[in-house]
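Notes for the one structure printed next.
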Amino acid sequence: MNKSILMALIFVLISTFIWNDSVFAQIDKIENAKIINLNSEIETIHELDGSVYYYSFSIEQHGKFILELLTETEILDTYTILDQNKEEILSNPAPSTWILGLPKGSYYLAVSTKQNPATNVESFTLQFNFEIDKYFKNSLGTNEIASATPIALNTTYQGFHYADENDYFTFQLTQKERVGIKGTYANATLYDSLTFKLLDEENNIINYTLATPEGGFFEAELSEGTYVIDVWGSSPEGYYDLEVTTSDFKDLALNHWAVKEVQFLSDFNIIKGYQNGNFGPDDEVRRGQAALMFVRALNLDLDNRPNPGFEDITADHIYYKEIAAVVDEGIFPKGEKFNAFDPLKRSDMAFALVNAYDLQGTFNGDIVDVDKAEPNYLYINTLAANQVTNLYSDGTFKPESVVNRAQFSVFFARILDERFK
């Protein structure tokens, strides 16, 4: 990606809050928005009267939206992207090329034209393009500290580094919090890297780390307030990742491989810690506990469920209602025994997740330790197709291995939020 495209995207991001009155003055026209197919050209007859023209489109995955004006620029005034609820996402003076990252979803594009433009051209042509590009999945840092890019906690953000240029990100805390700052830079060497500095509201340095291919890291105990992360280095161009992590659990390190996913499930009350304040990331998940967490995640009704018919699950069992619900929903299979206190196997997890969320798809790679004739092969294959699970380096899935609490959190988070895939 060349620097001009990058700067165009940055300009778009810091122009998010430009207000365009004409878009909303003529919002009733949006009901007749022209449906467009991406990677196509659309010609529009222009009335030379300051009208707003509306288009609608959908995106199936995160990626890069590119809008190009193929005719004279003097006609158009402003581009505005709105979500499916007709709320403004961002607006920008109409350049000949507009590039921005958009997540999966449905959108409207409002094109505002100039009143009495200095041209008699009566039409304009727009080229709508879309490319799948991980780089545009999340925000890109701005190079002005006053307009630092807001970021969410426990989310990975990708950026692109240019030598001797700063990128600034900002986040807010609503209470005193222990946070971890992690910077990963694939091009880092022993003598050449990026510096990730944490600044307070007065731009004083609190702490810093040098990014590495594995991830430079530090922790800080912070009070309620607004903070800035300054990414800088004289090293060669390249991509970097930034994470700001938090945790409700005292035994879960802020650079633990699953800390983001665990905190995500904790925030939604799907998984909880122990009374001593620990999470126990390496503890085995029991089948009854898994049933309970599926009930929380899916908000299943526990009333009036038929008896699941297991000889080891009586009506006074601690997990009776939860087991009855997940079996009634087809999330867990029927059988002679449920074995509520047995560890949950990876193959059991595959079966439950695929059925709970009606996952579809086919993984075309080889799963070397699961025969295609085995009953759970289809569920394991579907889980891999949806990027909910990654095979081990030797191509195995290890279906009989036990799922621990950290692994369980990652499986679930990847289904509930694409950020974690």
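Quick one: is Lys176 among the basic types (Lys, Arg) and open to solvent by 60 Å² or more (accessible area, probe 1.4 Å)? It is true that Lys176 is among the basic types (Lys, Arg) and open to solvent by 60 Å² or more (accessible area, probe 1.4 Å). Taking residues in segment 169-183 that are within 15 Å of Ser247 (Cβ to Cβ) and without any contact (Cβ under 8 Å) to a residue 60 or more places away in the chain, and partners anywhere that are of a type in the set (S, T, N, Q) and open to solvent by 10 Å² or more (accessible area, probe 1.4 Å), the pairs with Cβ atoms closer than 6 Å and at least 6 places apart or on different chains are Lys176/Ser223.
Return yes when Ser234 is within 17 Å of His161 (Cα to Cα), of a type in the set (Ser, Thr, Tyr) and loosely packed, with under 13 Cβ neighbours inside 10 Å and no when it is not. Yes, satisfied. Is one or more of the residues making up segment 344-351 open to solvent by less than 30 Å² (accessible area, probe 1.4 Å), over 18 Å from Asn376 (Cα atoms) and part of a loop (DSSP other than H, G, I, E, B)? Within segment 344-351 (the criterion being open to solvent by less than 30 Å² (accessible area, probe 1.4 Å), over 18 Å from Asn376 (Cα atoms) and part of a loop (DSSP other than H, G, I, E, B)), the answer is no, since none of the residues qualifies. Of everything in segment 191-231 that is aromatic (Phe, Trp, Tyr) and more than 23 Å from the chain's Cα centre (by Cα), the residue that is farthest from His256 (Cα to Cα) is Tyr191.
Residue-by-condition table, conditions (1) open to solvent by less than 10 Å² (accessible area, probe 1.4 Å); (2) over 15 Å from the mean Cα position of the chain (by Cα):
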position: Ala385; (1), (2): no, yes
position: Asp394; (1), (2): no, yes
position: Lys398; (1), (2): no, yes
position: Val402; (1), (2): no, yes
position: Ala406; (1), (2): yes, yes
position: Arg414; (1), (2): no, no
position: Phe420; (1), (2): no, no
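When Ile271, Ile313 are screened for being assigned to a loop (DSSP other than H, G, I, E, B), open to solvent by less than 40 Å² (accessible area, probe 1.4 Å) and at pLDDT below 95, only Ile271 passes. Is it true that some residue in segment 87-102 is of a type in the set (Phe, Trp, Tyr), under 17 Å from Val52 (Cβ atoms), at pLDDT 70 or above and assigned to a strand (DSSP E or B)? Yes.
The values are calculated or read from the model by the stated rules, or taken from the named source; none is laboratory data. Worth saying up front: this structure is predicted, and the values here are computed from it rather than measured. Glycine gets a Cβ as well: all are built from the backbone with ideal geometry, and neighbour counts include every protein chain shown. Note: accessible area is taken over every heavy atom of the protein model, side chains too, but ligands, DNA and RNA are not part of it. Shrake-Rupley method; radii C 1.70, N 1.55, O 1.52, S 1.80 Å.
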